[in-house]
Amino acid sequence: MNYGPILEIFTRLWGCSANRIGYISNLEKNLTSLQTARDELKSLYQDVNTEVELVEEQIQLKRTNEVSNWLVQVEAKEKEVGLILHKGEQVTQSKCIWSCCPKNCWSSYKLGKGLPEMINEVKALVEKRHTFNIVGHKMPYAPFQELPMETTNVGLESSFDKVCKCFEDASVGIIGLYGMGGVGKTTLLKKFNNDFLATRHELDVVIWVVVSQEFDIVKIQQAIRNKLRIPDEDWVERNVDERAVAIFNVMKRKKFVLLLDDMWKRFDLLKLGVPNPGGQNGSKVIFTTRSEEISSNMGAHRSIRVECLAPERALNLFQKKVGEETLNSHPSIPHLAKEMVAECQGLPLALITIGRAMANKKDPNQWKHSIQILKNNPSKISGEDIINCLKLACLLERGEQGDGVKMHDVVRDMALWVACEHGSKPKFGAFDGTVLISNHNIDHLAKWRKAERLSLWRSTHLISLGVPASPNLLTMIVGETTLTKFPNGYFKSGKAIKVLDLSHNSNLVEIPAEIGELANLQYLNLSYTSIKMLPIELKKLRTLRTLLLNYTDCLTIPRTLMSSLLSLQVFSKLMIVDEDFHSPFYDESLLLQELESLEHLKDITIVIFSFSSVEMLLNSTKLLKSIKYLILSFPLGSQLSLNKFKLTEHQYICNLQTLEVTTCGITNLSWLPSAPNLQSLKINGCGLLESIISEDLGAAGIETFGSLETLELSYLPRLGAYVSKY
């Protein structure tokens, strides 16, 4: 009998049954493997998702399609696996009475049959994670971005309509917006960007760049590059011209609008890499500037003047900033508000700034006082209130040191404008090193020649032009230049000058003798210069009241010069003091003698290097009453005791506010029995000093240092006590 067919059938039946039995017997093992694979995939998902969120939020990248699809697949697979594991837990917990096989073999079989495939699918997703190295790529730049701006833009409607009309003109490629500082040019440009360009979907890109007074082509090119997303290989380690080529090759293929805010001088757009706008491509360049001349020199096809506000609109803006509560707090305030608005002459920045400063002023007398100040002396209006208001408005910025502030250039110009009677009279001229003045710059030359008060900061080239001081000039400030001397005849026409500040010109070694001809000069500051000799001609300055010579350490003062300054009230001559320097370049005793002879002198700041000079000081009632800031520095080798100088009640140093004693050989300060107004006492490096005051003074009922606020004691090895009995 042939059993082959029977055995074959049996074998196949056994194999089929064995596979089914395997699905059931390996169920728990496969469930464990699936859970392990699921946990690994879940960890990878969390890592990738965190990385994607990071690059999207902080680096502004967009997740790749590959990563996005993988995350979706993992989320779906995790739900599917979760259901299987939950069902597996139910099946494995339901077994027969001997716990050797499941109660429901069919359910176990169906569940177990699909597990190997599911495990492979999960492992495939795990493997796929390792195939992509990046999770995001740069997003294409947005053609338009809304700019933050003040919600108040009263009075710009007419100018806004003009700009929109010019933009629609195909023949206009460059548009210039000009007007005085604070009139609203930047606000108008932002409004045009936000309200008009946002609707122009045919534009490829809109670029906003702040040019500013300190023109920097590198920063401007970088701002354009950031918007165009020019890659590093076309930018890094390239010079200005090469970067201009990179910008040009991108922008020439696009319909662009370039918005340039706050331009102070002409420059070539092609130098930046900006193609000439207009023509068939419809690109535009729109800029703001304070000068119609710059608008013309930039080749503007249309120049639009941004005007101050009409009276009604000016009042409306001012009232919004003051607020209804204040305006309604007293019947007189609305009328006073109109009067104050009239003083602002429609300048938006003045209206906003002063309006905010008056927002909490509900007393009519405060309004009347502010109006009077605004009429007569605008720089004093509202004092601390306006400073705080300007800080809150970000028009004054925190200074680099202490409690100082930095002034926004628009606020500075507004202050000058108001002080110059709303621009009608150029009383003030303020120039820094970025302003170029030449015979071709009529506007600046006119300001220079008519100004009553002139400030030239870091403006060496302005002085070097040789344009003489104006006959109208009352105040002149020149600082931080590289001048070594002034041109001949520079001050000859400045006969009216009352205030002359040449301080902080470290290279200045000589001042012209003609300064002695400034018969009206009352204030002269030569501090922080390298001047070697005061011209003897300065003795003619019979009206000079203040002379400041601080830290002119190599200065020689001619004999009889000081005693000739008959009106002098304030004299200051601080110097660098250290253990290697104990001799000035002038006769110290002679200087004190001449100062003593000045009838009106009441404020002296001086450094004394010799014991004989101290004797002269302590023996002079005139000097004792005038000294306010005193520094003593004697050679360490001289052991001096000034105990023998016992001042009478009438000889007290009543006005002394600051005393510094450094690197001296003195043993005590009992010679200084009473300085009722002394606020600061600093003693340093006095190796022989044993005590500061004597106990006898307290016993005598003499109050010592009653106003003292600061006491600094350092490097005093022998100091045993603050008070000692001798």
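The values are calculated or read from the model by the stated rules, or taken from the named source; none is laboratory data. Given the structure is predicted, the values throughout are model-derived calculations rather than measurements. Here the Cβ positions follow ideal geometry from the backbone for every residue, glycine too, while neighbour counts run over all protein chains shown. Keep in mind that these areas ignore ligands, DNA and RNA; they rest on the heavy atoms of the full protein, side chains included. Shrake-Rupley method; radii C 1.70, N 1.55, O 1.52, S 1.80 Å.
Computed quantities for the displayed model
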| item | result |
| --- | --- |
| Some residue of region 266-281 being among the hydrophobic types (A, V, I, L, M, F, W, C), in contact with a Lys or Arg (Cβ under 8 Å, 6 or more places away or on another chain) and over 18 Å from S171 (Cα atoms) | no |
| Residues of region 299-325 classified as open to solvent by 40 Å² or more (accessible area, probe 1.4 Å) and assigned to a strand (DSSP E or B), total | 3 |
| So Q593, is it over 22 Å from E690 (Cα atoms), modelled with pLDDT of 85 or more and touching a His at 6+ places or on another chain (Cβ under 6 Å) | no |
| Checklist (1) within 25 Å of the chain's Cα centre (by Cα); (2) closer than 17 Å to L349 by Cα applied to L147, failing item | (2) |
| R290 being within 26 Å of N194 (Cα to Cα) and open to solvent by 80 Å² or more (accessible area, probe 1.4 Å) | no |
| Number of the exception - I576 against (1) at pLDDT 90 or above; (2) open to solvent by 10 Å² or more (accessible area, probe 1.4 Å) | (1) |
| Qualifying residue in region 628-637 (condition: in a strand (DSSP E or B), surrounded by fewer than 19 Cβ atoms within 10 Å (Cβ to Cβ) and at pLDDT below 75) | no |
| Residue match in region 332-339 (condition: of a type in the set (A, V, I, L, M, F, W, C), open to solvent by less than 60 Å² (accessible area, probe 1.4 Å) and within 18 Å of L188 (Cβ to Cβ)) | no |
| Selected residue [open to solvent by 70 Å² or more (accessible area, probe 1.4 Å) and more than 31 Å from the chain's Cα centre (by Cα)] from K271, K252, K284 | K252 |
